[in-house]
Amino acid sequence: MMKFACKDIGMDCDFVATGASKEEVMQKAMAHGGVTHADAMKNMTQEQMAQFGKQLEASIRTA
Ligand SMILES: [Zn+2]
């Protein structure tokens with residue numbers, strides 16, 4: 001099982017996403033971010049979003 005926690009990328013948030021694959025966790029994390037962190041994400045440039053995506057992917061660990 002794979003796991004991602006918002007805290008792992010420095011967010012003050014208790015959200016944790018789990019899934020069978022990295023892709024599944026990425027999908028859940030992005031869906032969460034689009035709702036809960038919409039304010040932070042809407043101000044990001046395309047470049048920042050790409051960087052954020054990489055950081056998010058790198059933070060997904062085996063649980
Ligand atoms: Zn969060």
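Structure values in brief
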read-out: Of residues in the range 26-47 being surrounded by 12 or more Cβ atoms within 10 Å (Cβ to Cβ) and of a type outside the set (A, V, I, L, M, F, W, C), the one farthest from the ligand (Cβ to nearest atom); value: Q27
read-out: Residue pairs meeting the criteria (Cβ under 7 Å; at least 6 apart or on separate chains; first touching a residue at least 60 places away in the same chain (Cβ under 8 Å), in the range 33-51; second assigned to a helix (DSSP H, G or I) and small (G, A, S)); value: none
read-out: Enumeration of residues in the range 1-25 that are among the basic types (K, R) and within 9 Å of the ligand (Cβ to nearest atom); value: K7
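Coordinate-derived values only; no laboratory data. Predicted model only: the values in this text are computed from it and were never measured. Glycine gets a Cβ as well: all are built from the backbone with ideal geometry, and neighbour counts include every protein chain shown.
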